[in-house]
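Asks: First the structure, then my questions, so here it is.
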């Protein structure tokens, strides 16, 4: 089984956030790999990873990083694969990381999800892959339908909650 998605984080301390992406990809039956690479501490390894990602069969890269958050942009600079950046909350509630990831120069785009939004990054990656994989598209549609059903059930339960001045 060869990975289609790579999940990269700057440090294993990011795993509690990035694990949500791992769980979603696992649920969707998408082969993936997980690695820790640092744009600042292992720049040569990051560049090698990015330059060889496509030839290794990867289709999408999810890169999580906090603080200066250079990792997604450094990867995007060395590959033509789509890169999804996950800003990780650290300093300044993660806004520093978010700004670092979204403010890429022209020609080096990085799709960016919200702070600690690794699950949304995985959903976006699956949406990309599902464009050419009908079985995956069906699993994704079932997942999204489940979200709808969950909210409809919650709303029905909420209708049963009684307050003196509640009108519905």
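Asks: Points 7 angstrom from Cα along the Cβ direction at residue 23 and residue 42: gap in nanometres?
Replies: Distance between label points: 2.5 nm.
Asks: Moving to a separate point now. Can you give the relative contact order of the chain as a percent, counting alpha carbon pairs under 8 Å and 6+ residues apart?
Replies: 21 percent.
Asks: According to the square roots a ≥ b ≥ c of the eigenvalues of the Cα gyration tensor, what is the shape class of segment 5-133, taking rounded for a/c under 1.5, prolate for a/b larger than b/c otherwise, and oblate for the remainder?
Replies: Judged from the Cα gyration tensor, segment 5-133 comes out rounded (a/c under 1.5).
Asks: If I stretch the segment between residue 158 and residue 67 completely, what's the gain in nm (0.36 nm per residue apart, minus their alpha carbon distance), one decimal? Provide the component values of the computation, followed by the final result.
Replies: On the way: separation 91, 0.36 × 91 = 32.76 nm, distance 3.96 nm.
28.8 nm is the gain from fully extending residue 158 to residue 67.
Asks: Tell me, in nm to one decimal, what length is gained between residue 148 and residue 51 on full extension, where the rule is 0.36 nm per residue of separation less the Cα-Cα distance?
Replies: Taking residue 148 through residue 51 to full extension adds about 31.0 nm, to one decimal.
Asks: Express the relative contact order of segment 80-122 as a whole percentage, based on alpha carbon pairs under 8 Å and six or more residues apart in sequence.
Replies: After rounding, I find 48 percent.
All of the numbers you see were taken from the coordinates with simple rules; none came from a lab. Please read all numbers here as calculations on a predicted model, not as lab measurements. We place every Cβ from the backbone using ideal geometry, glycine too, and count neighbours over all the protein chains shown.
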